[in-house]
2 protein chains.
Amino acid sequence: MRASQFFISTLKEAPADADIVSQKLMLRAGFIRKAAAGIYSWMPMGLKSLRKVEAIVREEMNRAGAIEVIMPIVQPAGLWQETGRWDTMGEEMLRFKDRHERDFVIQPTSEEVVTDLIRGDLKSYRALPKNFYQIQTKFRDERRPRFGVMRGREFTMKDAYSFDRSADAAGVSYDNMYAAYCKIFDRIGLTYRAVAADTGAIGGDRSHEFQVIAATGEDAIIYCPDSDYAANIELAEAVAPAGERPAPGAAMEKVYTPKVKTIADLVDFLKADIKQTVKAIVVDGDGEDGQPVLLLVRGDHELNEVKAGKLDGVKSPLTFASPDAIRASFGANPGSLGPVNFPGKVYADRTVAKMADMITGANEDDQHFTGVNFGRDCPEPIVADIRNVVAGDPSPDGKGVLAIERGIEVGHVFYLGTKYSQAMNATFLDEDGKPKFFEMGCYGIGVTRILGAAIEQNFDAKGIIWPDAIAPFTVVLCPVGYDRSAEVKAAADQLYAELVANGVDVILDDRGERPGAMFADWELIGVPHRVTIGDRGLKEGKVEYQHRRDSEATGMAVDAILEHVLVKLGK
Amino acid sequence: MRASQFFISTLKEAPADADIVSQKLMLRAGFIRKAAAGIYSWMPMGLKSLRKVEAIVREEMNRAGAIEVIMPIVQPAGLWQETGRWDTMGEEMLRFKDRHERDFVIQPTSEEVVTDLIRGDLKSYRALPKNFYQIQTKFRDERRPRFGVMRGREFTMKDAYSFDRSADAAGVSYDNMYAAYCKIFDRIGLTYRAVAADTGAIGGDRSHEFQVIAATGEDAIIYCPDSDYAANIELAEAVAPAGERPAPGAAMEKVYTPKVKTIADLVDFLKADIKQTVKAIVVDGDGEDGQPVLLLVRGDHELNEVKAGKLDGVKSPLTFASPDAIRASFGANPGSLGPVNFPGKVYADRTVAKMADMITGANEDDQHFTGVNFGRDCPEPIVADIRNVVAGDPSPDGKGVLAIERGIEVGHVFYLGTKYSQAMNATFLDEDGKPKFFEMGCYGIGVTRILGAAIEQNFDAKGIIWPDAIAPFTVVLCPVGYDRSAEVKAAADQLYAELVANGVDVILDDRGERPGAMFADWELIGVPHRVTIGDRGLKEGKVEYQHRRDSEATGMAVDAILEHVLVKLGK
């Protein structure tokens, strides 16, 4: 491609409402333009990278035996009513009426449509397994769209759905997709982790997120540097500390703690070790008596709401008790709560269960207890894992301690079981002649989000640094004085032709820009390999090569540059 | 591709609500499945053909210098309000509100968004011309979706938009797209005509429709077999008959015509030649006096509403006068109307203007006049071309007579002028340093519709007959007894490998179906080239080749079949 026949439109400054580096750089480099909040047009430069991601995803999905289809963007409400998701999906699912007042949605995902699609066409166990995928526009009406293409409203997703005879066969399909996802993210050239994730209320029991590692990521990823353990924060298990609970060493005493509302206040006021304090969290119970449930975590730990939401006797989804309900049950306001004299259900985190001489609220405003001990001052609690892990916690596999890094979720594989096939009565005839529900899995990749994630992982002060595989162009030729010097033009044209002949996706910058502006453009756009061709160098038979990560250019003989670039590209 | 790894799902019968042959065949052959009225999923087989159309369109658009972008499907109302189309677009444009009650549309087309996109980025005449296109999902909320993918609600369109410095330059862009469209439809392998079309109210003055010729087409195409004249029925000019108007030959006489309401009644009742009768059509005028206008066409001709809608003094868009208004102005009901004693504005079609001794309504219920002559019995009318042409009319270029055939519109090129750039204040700085409005053109191709049109043009009782370029597979190998015969399997596998190695898009039917069912499937699906491999033939060193249009198969030596198929494919 010649730049004069393409469309390059870089900006000095990103619009003021851009709030993350990838969004700023994509706007400045002319990859996207905003049409409305969370809705973007893909400019020629951005579309080139997007198509490369799509092509890699498509190739690996096909290679894994998945079959491409396209399901409609506008979907009838009836299918969503069959599974009940018409009611349970939140406002993120955009609903509207057509001119005849019939209800529709703009697809946020396609479990319903794909199940409807196959229930007429997949009739026999002989046709299984099957895996259908699409690379298609999705819409989620985010309340607060942000981070550019990372949390936009209109986006491109690859969504695949597998159909199997049995749970075991579905496991094979799951593993197959897991492997395909690894190939996809390997080929794209991103540093990522596949982390075990919670399966939530859907029913299946296997789920992994593919997380691109980036300091700006929204998600916390827990992993063990000494083993292959990796999970997201929702799922990662906080194991019990080793050893027995120490014997009580102090008497329980009530302390007047005026204006102490938080653990930080408490530690400050009592000059206490935060590890002796216990945080009391009150959530709604699921009983008809309306009694709340008390959850205890150590003062420096965080409640894990997903874990807590699954506790016996706790209302699901997890709901924090109202101040009124707390006063009614505890006789005190939040800030002074604890297990002593609370007659209801009490869950203690595994770490809390090993504590002695705890500092807790006294269930009396402005009062705390020190020296609290389970079994002596209050009943033994129910022990459960209800907190987020922290760096340094023992790894659940016993092979070291956990570390935490940030990630951006770009893929998700999920075993669904028969949730959708049962709801939609989608069956096949098994070998025994009996109808059975399909065992399903679903597998998503955020195609547009990958570009944002790749930038969050690969940028510097000058702009984007694309991995070769998804760069809009792999190589840029920057002739200095293309319009003025016949030698420069001839050398640039020749190298361009040779690279094209070798199947390299190269752009020749024939715009006649000043070198400074030209280099700044390509550094911002992030093309990984650059060859600069100028009169001065040519006189000595030289051109310059510079990788986007190199701090300076390397002089090189004209007749060696083609080979050099091809080697760099692994050709 | 091996059939066992693909997805083939044919139906014996099309669903009862399928109303056109292409829709029936696409459903039966497993190309599409209905999700809602006018909304379809694309099954693997259909998607393969669709992607081939997309690829051809994309290649030729790129070759013509157009640059691909993707604009959002969900578009903010504000842009549509800028051009006023928020109000003027009918209910076909689907409008909805997001969760924050902001107005949006699902894009039916993208003039507004593309103009918004470039007004920040295209600043100088040096950047022109530019042509941006997308291949993207569109939605039009048709009141009565029908004909499958031909008049669906959700569909894929390629829409391109050119931006030029001047009307002359825009003409060059227009011609460039016209030529690209010819290449596209030539490569797809369809019989089509580019016909001049009306530009309507948009303002530009050049417009051509690309019509695929098919007996079932919705549109009438007018062309001259002896020249290159072609136009759609809305635009085709009905020239005046040669010669002078004959002198009056009869006196005007009033005839009692009880129950005569139509021209057919009149001809029948009077035993008259229909070519002596005149049809009176009353439409609303545009004056403040509310006076209607009388339009006269010969009894066997049809009014052309587009032509009539442009007449001076006629309300635009054309509106037929109400029965009450007609009675008030004519003193009679429709069925007995004519120019005699009508004091208002009268337009006569060019053919009527050359008639003498006409038979017309008498503006008195159940009464007609015979022997009516302009200038003697009523004033000379205003003469205009206001009728549809009919087969046998002289060609407007004077080179023969017109013929009519039916077509399906699959493409449209349109010169827009500055309609959108003015409305949206989209300007560039011209060489003289002054801002000027972009001269625009828009260019559409109904990507999904092409598949329906191709089938309407190419089918028989057994199913579809695809042109090679857009067949889901170009060649099908039908081994008889693939699972039973080692020889058949070996021969089929070898030919399959050779065809794949030669870049042929071949499918090997390894499903083990009975020959009858297997052949019926592929004839329905419409793969153009079939090779049958069976034990009996192999014993004599033979296989069979059959093109989908051949009435029977041709025996052929095993070692000649590869070459034969490659020659058939033009390889």
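The values are calculated or read from the model by the stated rules, or taken from the named source; none is laboratory data. As the structure is a prediction and not an experimental result, all values here were calculated from the model. No Cβ is skipped: glycine too gets one built from the backbone with ideal geometry, and neighbour counts run over all protein chains shown.
I need a count of the residues in segment B:434-490 that are more than 22 Å from B:Ile533 (Cα to Cα) and assigned to a helix (DSSP H, G or I).
So the count comes out to 13.
What number of residues within segment A:491-512 satisfy the criterion of being among the acidic types (Asp, Glu) and not in a loop (DSSP other than H, G, I, E, B)?
The qualifying residues number 2.
Run B:Asn363 past the list (1) of a type outside the set (Asp, Glu); (2) out of contact with any helix residue (DSSP H, G or I) (no Cβ under 7 Å at 6 or more places or on another chain); (3) more than 17 Å from B:Ala196 (Cα to Cα) and report the number of the one that doesn't hold.
Against the list (1) of a type outside the set (Asp, Glu); (2) out of contact with any helix residue (DSSP H, G or I) (no Cβ under 7 Å at 6 or more places or on another chain); (3) more than 17 Å from B:Ala196 (Cα to Cα), B:Asn363 comes up short only on (2).
I need the full set of residues from segment B:353-373 which are touching an Asp or Glu at 6+ places or on another chain (Cβ under 8 Å) and surrounded by 22 or more Cβ atoms within 10 Å (Cβ to Cβ), in order please.
Scanning segment B:353-373 gives B:Phe369, B:Val372.
Those residues that are exposed (fewer than 13 other Cβ atoms within 10 Å of the Cβ) and of a type in the set (A, V, I, L, M), I need them from segment B:477-500; list them, please.
Answer for segment B:477-500, where residues must be exposed (fewer than 13 other Cβ atoms within 10 Å of the Cβ) and of a type in the set (A, V, I, L, M): B:Ala486, B:Ala497.
Name the residue that is surrounded by the most Cβ atoms within 10 Å (Cβ to Cβ), counting only residues in segment B:53-62 that are within 22 Å of the chain's Cα centre (by Cα) and not hydrophobic (A, V, I, L, M, F, W, C).
Taking the candidates together, the pick is B:Glu60.
Consider segment B:113-130. How many of its residues are farther than 25 Å from A:Phe104 by Cα and at the interface with another protein chain (Cβ under 10 Å from one of its Cβ atoms)?
So the count comes out to 11.
Answer with yes or no whether B:Asp168 is surrounded by fewer than 17 Cβ atoms within 10 Å (Cβ to Cβ) and within 30 Å of B:Ala127 (Cα to Cα).
yes
Among the residues of segment B:153-187, write down those that are more than 14 Å from chain A (Cβ to nearest Cβ) and part of a loop (DSSP other than H, G, I, E, B).
Listed by number, the residues that qualify are B:Arg165, B:Ser166.
Of (1) surrounded by 17 or more Cβ atoms within 10 Å (Cβ to Cβ); (2) within 25 Å of the chain's Cα centre (by Cα), B:Ile8 satisfies all except one. Which?
(2)
Picking from A:Tyr161, A:Tyr229, which residue would you name as being crowded, with 24+ Cβ neighbours inside 10 Å and either under 25 Å from A:Thr448 (Cβ atoms) or touching a strand residue (DSSP E or B) at 6+ places or on another chain (Cβ under 8 Å) (or both)?
Only one candidate qualifies: A:Tyr161.
Which members of segment B:36-52 meet the condition of being more than 8 Å from chain A (Cβ to nearest Cβ), surrounded by fewer than 22 Cβ atoms within 10 Å (Cβ to Cβ) and among the aliphatic types (A, V, I, L, M)?
B:Ala37
In the set A:Gly526, A:Gly503, which member is surrounded by 15 or more Cβ atoms within 10 Å (Cβ to Cβ), touching a Lys or Arg at 6+ places or on another chain (Cβ under 9 Å), in contact (Cβ under 8 Å) with a residue 12 or more places away in the chain and within 30 Å of A:Leu27 (Cα to Cα)?
After ruling out the rest, the residue left standing is A:Gly526.
Would you check which residues across segment B:141-152 are surrounded by fewer than 23 Cβ atoms within 10 Å (Cβ to Cβ), more than 8 Å from chain A (Cβ to nearest Cβ) and touching a Lys or Arg at 6+ places or on another chain (Cβ under 7 Å) and list them?
B:Glu142, B:Pro145
Could you tell me how many of the residues in segment A:26-35 are surrounded by fewer than 24 Cβ atoms within 10 Å (Cβ to Cβ), more than 7 Å from every other protein chain (Cβ to nearest Cβ) and outside any loop (DSSP other than H, G, I, E, B)?
3
Which residues, counting only those in segment A:419-442, are in contact (Cβ under 8 Å) with a residue 60 or more places away in the chain and small (Gly, Ala, Ser)?
Result: A:Ser421, A:Ala423, A:Ala426, A:Gly441.
Scan (1) touching a residue at least 12 places away in the same chain (Cβ under 8 Å); (2) buried (at least 17 other Cβ atoms within 10 Å of the Cβ) for the single condition A:Glu513 breaks and write down its number.
(1)
Does segment B:77-100 contain any residue that is in contact with an Asp or Glu (Cβ under 8 Å, 6 or more places away or on another chain), under 29 Å from A:Pro472 (Cβ atoms) and either more than 7 Å from chain A (Cβ to nearest Cβ) or small (Gly, Ala, Ser) (or both)?
Looking through segment B:77-100, at least one residue is in contact with an Asp or Glu (Cβ under 8 Å, 6 or more places away or on another chain), under 29 Å from A:Pro472 (Cβ atoms) and either more than 7 Å from chain A (Cβ to nearest Cβ) or small (Gly, Ala, Ser) (or both).
Inside segment A:11-25, can you point out the residues that are surrounded by fewer than 17 Cβ atoms within 10 Å (Cβ to Cβ) and more than 24 Å from the chain's Cα centre (by Cα)?
Within segment A:11-25, A:Leu11, A:Lys12, A:Glu13, A:Pro15, A:Ala16 qualify.
Collect the residues in segment A:419-455 that are farther than 30 Å from A:Glu523 by Cα and under 25 Å from the mean Cα position of the chain (by Cα), keeping them in residue-number order.
Answer for segment A:419-455, where residues must be farther than 30 Å from A:Glu523 by Cα and under 25 Å from the mean Cα position of the chain (by Cα): A:Lys419, A:Tyr420, A:Met440, A:Gly441, A:Cys442, A:Tyr443, A:Gly444.
Of these, A:Phe147, A:Phe132, A:Phe185, A:Phe163, which one is within 28 Å of A:Gly309 (Cβ to Cβ), among the hydrophobic types (A, V, I, L, M, F, W, C), touching a helix residue (DSSP H, G or I) at 6+ places or on another chain (Cβ under 9 Å) and touching a residue at least 40 places away in the same chain (Cβ under 8 Å)?
Being within 28 Å of A:Gly309 (Cβ to Cβ), among the hydrophobic types (A, V, I, L, M, F, W, C), touching a helix residue (DSSP H, G or I) at 6+ places or on another chain (Cβ under 9 Å) and touching a residue at least 40 places away in the same chain (Cβ under 8 Å) holds for just one of A:Phe147, A:Phe132, A:Phe185, A:Phe163, which is A:Phe147.
For segment B:513-548, name all the residues that are aliphatic (A, V, I, L, M) and in a loop (DSSP other than H, G, I, E, B).
The answer is B:Val527, and nothing else.
Looking only at residues in segment B:1-25 that are within 14 Å of another protein chain (Cβ to nearest Cβ) and part of a helix (DSSP H, G or I), which one is nearest to B:Ile213 (Cα to Cα)?
In this case the residue turns out to be B:Ala3.
Of everything in segment A:379-418 that's free of Cβ contacts under 8 Å to residues at least 12 places away in the same chain and not assigned by TED's automatic domain parsing to the domain that holds A:Val340, which residue is farthest from the chain's Cα centre (by Cα)?
Only one residue tops the list, namely A:Gly398.
If A:Tyr223 meets every condition in (1) under 13 Å from A:Ile404 (Cα atoms); (2) in contact with a Pro (Cβ under 9 Å, 6 or more places away or on another chain); (3) not charged (D, E, K, R) apart from one, which number is that one?
So the condition that A:Tyr223 fails would be (2).
I'd like the residue in segment B:63-76 that is at the interface with chain A (Cβ under 8 Å from one of its Cβ atoms) and closer than 20 Å to B:Val413 by Cβ and, out of all such residues, is surrounded by the most Cβ atoms within 10 Å (Cβ to Cβ).
B:Val69
Condition (residue is at pLDDT below 95 and over 37 Å from the mean Cα position of the chain (by Cα)) applied to segment A:343-359: is it met by at least one residue?
Yes, because at least one residue in segment A:343-359 is at pLDDT below 95 and over 37 Å from the mean Cα position of the chain (by Cα).
When you look at B:Thr137, is it within 20 Å of the chain's Cα centre (by Cα), of a type in the set (S, T, N, Q) and at the interface with chain A (Cβ under 8 Å from one of its Cβ atoms), yes or no?
Judged against the criteria, B:Thr137 is a match.
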